[in-house]
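Before any comments, here is the structure.
Throughout, read-outs are computed from the coordinates displayed, never taken from laboratory work. Quick caveat, the model's predicted, so the values are computed rather than measured. Here the Cβ positions follow ideal geometry from the backbone for every residue, glycine too, while neighbour counts run over all protein chains shown.
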Ligand code: RIB
C-alpha cells in the first residue's frame, strides 16, 4: 500500500475568461471565451496527486449546490478519495474568476464561500485522516487558523508537512515554521513572506535562507519556466525545467505540489521528486484551465523517458 497523502484545502469552481490582454483599472475589454472549470488550490493539488498515481485523500468544503456536486465528481475521477469532503449548508461553493491573457498569464480573484467552513472543528472531526497519512499538504485558501492548527496537528503526529503558501500572507506565524518540512512558494510569494520588494535571485535566496533560520527545513521556490530552486541546510540548487510553449499557467504550481508529494510518497529522492514535479507542471502549462490541464502518470513517464533519450 502506497503511503497516503492528505491534502487539506480549498475547492473553487473557476470561471475562466480568456482575453487578449488584462483590463487596466477602469477599463472594459472584450473577453474571447468563458468556461467553468473545477479548480481551487487544494483541489488542484489533490487532483494532481490522484492523477499521478498517489494514494491521495482530500479534506475541504463545498456548498450544497450543483457546483459542489460537480467539483466532487471531477475530483473523484482523478482517483483521489473524496469521502472526507463536506457539503455544507449556509455557504455557496467557492468560486474564482480567472483572467487569462494571450501569453497564458493569469490574474485570479477567489470568493471563498464554503471554503470558510473548513474550520478547526471540521479538521478535528477528521483527525483519523491526519493519523493515517504520511504526507500532509496545505495551502492558504482556507481559514488561516485552520492551516495553523492543521500544521501543528500534523507535526504532533510526526507527519511530513508541505505548505504551499498561496495566497501568501505578509508573514507566516512563528509557531508553525518549525513544523514545515517543505515550504513551496513561487518567486512572488517568497518575497512577500519575507518583506522583500525587489525581484532577483539574490533576494529569493536570501528570503529562503531567512525562513530556514526561523525553522523551515526546506524551501522549494517554483520559478515558472526557470524551474525550481531548493534551499536547505545543504545549500541551494536550481533545478531547470524543460522548455515548452505555455498557453495557460493556471494551476502549474498546484500540479508541481501534487506531483512533488507523490514523488516523496513513493520514496523518490529529493532530486527525483523535483524532476517529477517540474516535468508534470511543464505539461500542465501547455493546456488550458486548472484540473483540466493536469497530466496523468503515463504522460509524465513518457516525457521523462523522451528527455532521458535526448540527454543520452
Ligand atoms: O492555483 C490556481 C487556483 O487558484 C485556481 O484553480 C483558483 O481556483 C485559485 O484557487
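Couple of notes before you dig in:
- If you take the Cα centroid of segment 273-311 and the Cα centroid of segment 140-189, the two points sit 26 Å apart.
- Compared with the rule-of-thumb size 2.2 N^0.38 Å for a compact globular protein, the chain has a Cα radius of gyration ratio of 0.94.
- Listed residues 146, 66, 280, most fluctuating in the chain (Gaussian network, C-alpha, under 10 Å): 66
- Förster radius 35 Å - calculated FRET efficiency between residue 131 and residue 66 (Cβ-Cβ, nearest 0.05): 0.55
- Stretch gain in nm, segment residue 188-residue 107, where the contour uses 0.36 nm per residue and the Cα spacing is subtracted: 27.8 nm
- With a simple spin-label model that places each label point 7 Å from the Cα along the Cα-to-Cβ direction, the separation between residue 307 and residue 1 comes to 3.2 nm.
- Sites residue 234 and residue 299 - FRET efficiency at Förster radius 45 Å, r taken between beta-carbons, to 0.05: 0.90
- Judged by the mean number of other Cβ atoms found within 10 Å, the most tightly packed of the peptides 75-81, 256-262 leads the ranking 256-262, 75-81.
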